[in-house]
Amino acid sequence: MNERRDNLEDFFDEVMNGDDCSASILDSILDCNQRYTGFDFYEEGGSKAIFKAQDQMTQRQVAFAKLKGSATKGQTENFLREARINALLQHPNIVPVYDIGINEDEPFFAMKFVHGRTLADIIRSLRKNESSTSAEYSRTELIDIFLKICDATSYAHSNGVLHLDLKPENIRIDNFGDVQLCDWGLARLIDGSDKITDEFGSLEQYSINQEDMNKLTVDGYIKGTPGFMAPEQAGSTEDRKGIPTDVYSLGVILYYILSYKEAFRGDINAIIAKTLEGDFCKPSVHRENIPKALESICLKAMSLRAVDRYNSVSTMKDDILSYRNGYLTSAEEKGLWKVFSLFIKRNKAVSFSLLASFILILILSFAYVDSLKNERDKANKALALAQEEKEKRQYLSDLGVDFFIKQAKQMVVFHSFEEAEKVIEQIPESEFTEAQKIQVRDLFGRVAFYRQQYNKALTLLEGTKERNNKFLLTMARKYAKRKSSDQVLLKGDDFVELLGELEAFNIQHAWSSYEYEILHYSDIYEHIKAVEKMIHVKNNSVENLNIKLTEKEGKYFLDLSNNPDVHSVVGIRSMPLTGLNLSGSGIKDFRMALLKDLPLEELDVSHCRLTDYGFLMHYKNLKKITVSPKESQHPSFLKYAKDLEVIIRQ
């Protein structure tokens, strides 16, 4: 490259520095006694040696080939015939021969010197995953190179010449991407009936720019390169050498391009045996993501029998172009789905439009059918509702409104307020008499009062004629003023005051319901005030209640010990207590089960005279329990406390 640039610069200087440049060139040609100079050995192969030399006539670098040592007349004739065959093939992808002659009594021929790398070098670099080579030679670029070799080979066939030594080492790519097919040492002529003629005899291998000792062409009874030559070159007598022979070698090269691996590996004898048997793996075994079409083309070209291969290189090339253009290749199995999928790939815009139109029509069809179904469902639903309403009216008529009011009152007694409202809501308003409406207002006015919704209670209770409503209205007006809205609870002190007033008037349902309302307090200190009052209400005989709430490291402990008259502590069941001391209290077994949702870790029930400790299996967080010596031996305690830390209190 640098020598070529130097020559061009010298020529440019001559043109710029004198008007007699033409004379100078003419003089240099006339005075030239030695056309080729500056011989620099490059490589050798078989009976030939290749030198880089300078052509003084053209001032360019050439590849200068000559015989090694002494040669027989036959070898000399073969050498020159090889050069003449190469010289007759004028194609952009076939290395050109510039000159043939005798130099110092030795035959020679001069050719274009191709700078760059062989296809074998490139594939070896790709196999090593070299980033620079991978970036320059994708599969697309490699197939482009292969297509150019197909062009060169097809051109040679059209001129009656077989190459017979096609392999990656004989394919050279220069620094600008030009592809050259080299080494026509085994080339043969084809007569008019496509039969090969050996009139040129046996030729040795040589490569213009590359010698690979592992890929030497075998010249003898077997002519070709093991691993790339066809079965008929390896000794098979079934087929004669011809165009399919070169097709086979191209198939092996394509295999190498696709998989980065040789199709046949081993020593020469093993390679030849495998070639004769067609014993090789598919390219996809060595490398993933090989297009099925390209693999099929490769396998067809490498068919064991010549008749099963492509009948020409151009046909093989056409299949590759068909693959590139999205058409089915002759090597693939023909199927309707395959043809259809390739059509979609070739016509993406049209296919997308058709698909979009089809989907739109499908969606509209489904939407129309769905709308019809919805209309039918609406009609059926309306009919069902009408029938249900009719049956409901008949049901209500049969039972009577008073029956449902009675049910609702029972639910209120058991604090099932939401369920009571649902029972009444199912009765159409038109079914109520005025007296029944007053009963319902009275019922749900009381529910609102129990739930501390005093403004709502006032709205419902005003205008009713029940005997206790006057007191409830007075309480509702009083305590409504102590809250910002019906959505918040009374403060603990206000709640204690309210419970005291309810207890004084002995309104059982009211303070019984409030026992459940105190469970909704989120502030534990407000909660404990209400609990203390409620314990007094629920345990009438209690005079001096021992109750103490303490906090330690964010955990709460409640002490209700030494309260023998306390039997119910339901109000504490929603408190976030870690520890609870009921030692010496009158708590009953079934009451303990109501405390199962407490997050207790410690529990003291010593001297409580419990008879069944089955409640312990519901206390999921409990770790420590305190009992008396006698209680610790109770069979029920031994059964349910076996995984707990037990503390004995005398």
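No lab work stands behind these numbers, since they all come straight from the coordinates. It should be emphasised that the depicted structure is a prediction, and the values quoted were computed from it without experimental measurement. Glycine gets a Cβ as well: all are built from the backbone with ideal geometry, and neighbour counts include every protein chain shown.
Around residue 593, with a cut-off of 11 angstrom between Cβ atoms, what is the net charge of the other residues, counting Lys and Arg +1 and Asp and Glu -1?
+1
Ordered by packing density, taken as the mean number of other Cβ atoms within 10 Å over each peptide's residues, highest first, how do 555-567, 157-169, 31-43, 574-586 rank?
Per-residue mean Cβ counts within 10 Å order the peptides as 157-169, 574-586, 555-567, 31-43.
Gain in length, residue 459 to residue 372, computed as 0.36 nm per residue apart minus the alpha-carbon separation, to one decimal in nm?
Extra length from residue 459 to residue 372 when fully extended: 26.5 nm.
Can you give the FRET efficiency to the nearest 0.05 for residue 384 and residue 410, using r as the Cβ-Cβ distance and R₀ = 25 Å?
E(calc), rounded to 0.05, equals 0.20.
Counting Lys +1, Arg +1, Asp -1, Glu -1, what net charge surrounds residue 126 among other residues with beta carbon under 12 Å of its beta carbon?
+3
Given the C-alpha centroids of the range 124-144 and the range 272-318, what is the distance between them in whole angstrom?
Going from one Cα centre to the other spans 21 Å.
Between residue 307 and residue 269, what is the spin-label point distance in nm, taking each point 7 Å from the Cα along the Cα→C-beta axis?
Distance between the two pseudo-spin positions: 3.3 nm.
What percentage of all Cα-Cα pairs in the range 543-650 are separated by more than 17 Å?
49 percent
Given H placed 1.01 Å from N in the peptide plane, which residues other than close sequence neighbours of residue 42 have an amide H under 5 Å from its amide H?
Under 5 Å from the amide H of residue 42 lie the amide H atoms of 50, 51, 52, each far enough along the sequence or on another chain.
Anything over 25 Å Cα to Cα? Flag those among 555/620; 66/261; 68/241; 588/630, in the order listed.
66/261; 68/241
Run the paramagnetic zone check for residue 39: 7 angstrom along Cα to Cβ, then residues of the range 108-130 with backbone nitrogen under 17 Å.
108-111
Could you rank the peptides 436-443, 413-420 by their average count of other C-beta atoms within 10 Å per residue, with the highest value first?
Result, highest mean Cβ count within 10 Å first: 436-443, 413-420.
Need one word for the range 99-197: rounded, prolate or oblate. Basis is the Cα gyration tensor (sqrt eigenvalues a ≥ b ≥ c); a/c below 1.5 gives rounded, then a/b vs b/c decides.
oblate
May I ask which of 148/292; 112/274; 282/317; 274/300 have a Cα-Cα span longer than 28 Å here?
Listed pairs above 28 Å: 112/274.
So what's the net charge close to residue 563: Lys and Arg +1, Asp and Glu -1, counting the other residues with Cβ under 14 Å from its Cβ?
0
For the pair residue 364 and residue 29, how long in nm is the line joining their label points, each one 7 Å along Cα→Cβ?
Each label point lies 7 Å from its Cα, and together they span 7.9 nm.
So if we plug the beta-carbon distance of residue 240 and residue 175 into 1/(1 + (r/R0)^6) with R0 = 30 Å, what FRET efficiency do we get, rounded to 0.05?
Calculated transfer efficiency: 0.15.
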